[in-house]
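Please treat every number below as a calculation from the coordinates, not as lab data. Note that the coordinates shown come from a computational prediction; the quantities given were computed from them, not determined experimentally. Neighbour counts run over all protein chains shown; Cβ positions are idealised from the backbone, glycine included.
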Amino acid sequence: MDIIGKRKWYFVISAMLIIPGLIAIGISFSRWGTPFRLSIDFTSGSLLEVQFQEKVQPGQVRAIVEGLGVVDPTVQTVGDGRTVVIRSRPIEAETKTAIEAGLEQELGALTERRFETVGPSVGREVTQAAALATIAASLAILGFIVFAWRKVPNSMRYGVCATVATLHDILVTLGFFSIMSLVLGWEADALFLTALLTVVGFSVQDTIVVFDRIRENVPKRRGEPYELIVNRSLLETLHRSLATQLNAIFIIIAILFFGGATIKQFVAVLLVGMLSGSYSSIFNAVPLLVVWEKGELTNIFRGPRRQPATQ
């Protein structure tokens, strides 16, 4: 089975996965100045979620909250229209109690589902940690592979290809979340950061397995074309890769369907990242090695050159 021979189609599929997410990120930047909606973990402020017995209109809730002195609140209904999420600048517990009392007086009995407040300093720390952790993880992956493969010709290529595959998974995950943020109003919180870092670790582990088999086969099969060695190595590890990945993915799917509602967003992000990691390890990182070795980086999507007609 010639997997590597169809490498250009894998790159096309990756582009089709990444481009819609980049478009969504661009739209999000134009709306909010960020790649997606951020929760109070990142932006600072207060979040109050309450559930009424009957459906309510966001405009009604907003008018009541503003009437109690809260400046520029954001009100959103979720689910069946009975649950309302109110976001604002940081408010005190007394103000929260007054809001609930005012809403209950005007709109009927309610149940408080959650109330969270994060100060500006915590928001900045979480934002900085998110960026630094992702960058540090990518650099650590690059450094480890270059060191471990230092006796293999062009060891830097292995590290760069693994890092590119990891960045592919990050872009797919961020794009997916940006789309869901636009469509369903998802907000990135601390759990989103946890899912993103888990995706980074999951992505690189399978790439290393395939790269290690290539490292073993290169000296054993001297004289064979590099493309053939890579394809052979990929086929030798494919069953192990799929078995490991599918076990994890099936568990994540089960949690997505049967787990609690509070972690569904986290699990969905994790599932998309794992699916992307399974794909990129096999169909991006490894074919990219061959593209680099054969000098096809600049003309991978071009058709074969036509030979001049003989007279």
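So for the chain, averaging the separation of alpha carbon pairs under 8 Å that are six or more residues apart and normalising by length, what relative contact order in percent results?
Averaging sequence separation for qualifying contacts and normalising by length gives 23 percent for the chain.
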| Given (1) 60; (2) 55; (3) 65, which label gives percent of Cα pairs over 23 Å apart as computed from the coordinates? | (3)
| field | Burial ranking of peptide ranges 159-171, 31-43 (average Cβ count within 10 Å, highest at the top) | value | 159-171, 31-43
| Which whole-Hz ³J(HN,Hα) couplings does segment 51-62 yield from phi under the Karplus relation 6.51 cos²θ - 1.76 cosθ + 1.60, θ = phi - 60°, glycine and proline marked x? | 10, 9, 7, 10, 5, 10, 9, x, x, 5, 5, 4
| DSSP loop GluC sites (Glu not before Pro) with at most 14 other Cβ within 10 Å: longest gap in the chain | 93-311
| remark: Note to self, the chain gives a 222 nm [θ] from helices alone (DSSP H runs n ≥ 4, -39500 (n - 2.57) apiece, / all residues, nearest 500) of -22500 deg cm²/dmol
| request: Would you give the gap between the C-alpha center of segment 241-266 and the C-alpha center of segment 34-83, rounded to a whole Å? | output: 30 Å
| said: Starting from the 7 Å offset along Cα-to-Cβ, what nm value, one decimal, do you get for the label separation of LYS264 and LEU235? | reply: 4.4 nm
| Average projected area [Cα convex hull, segment 59-100], square nanometres | 2.9 nm²
| query | Translational D (Stokes-Einstein, µm²/s) of segment 78-164 at 20 °C and 1.002 mPa s when Rh comes from the Kirkwood sum over C-alpha pairs? | reply | 121 µm²/s
| query | Want the number for PHE144 to GLN53: 0.36 nm per residue separation, take away the alpha-carbon distance, what's left? | reply | 27.2 nm
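Tell me the relative contact order for segment 45-118 as a rounded percent, counting alpha carbon contacts under 8 Å between residues six or more apart. Spell out each step's value before the answer.
On the way: 127 pairs, mean separation 36.4, N = 74.
After rounding, I find 49 percent.
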| If Lys and Arg each add +1 and Asp and Glu each add -1, what is the summed charge of the other residues whose beta carbon sits under 11 Å from the beta carbon of ARG215? | +2
| note | One point scatterer per Cα, no solvent, Debye formula: log10 I(q)/I(0) for segment 45-118 at q = 0.18, 0.25 Å⁻¹ comes out as -0.59, -1.24
| field | Folded to 0 to 90 degrees: helix 190-220 orientation relative to the chain principal axis, Cα | value | 10 degrees
| Can you pull out the trypsin sites (Lys or Arg not before Pro) in segment 55-118 that DSSP calls coil and that have at most 15 other Cβ atoms within 10 Å? | LYS55
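Determine, from the Cβ-Cβ distance of ASP212 and ASP80 and an R0 of 45 Å, the FRET efficiency 1/(1 + (r/R0)^6), rounded to the nearest 0.05.
Between ASP212 and ASP80 the formula returns 0.30.
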| Once the Cα gyration tensor of segment 179-246 is diagonalised, semi-axes √(5λ) in Å | 37, 12, 11
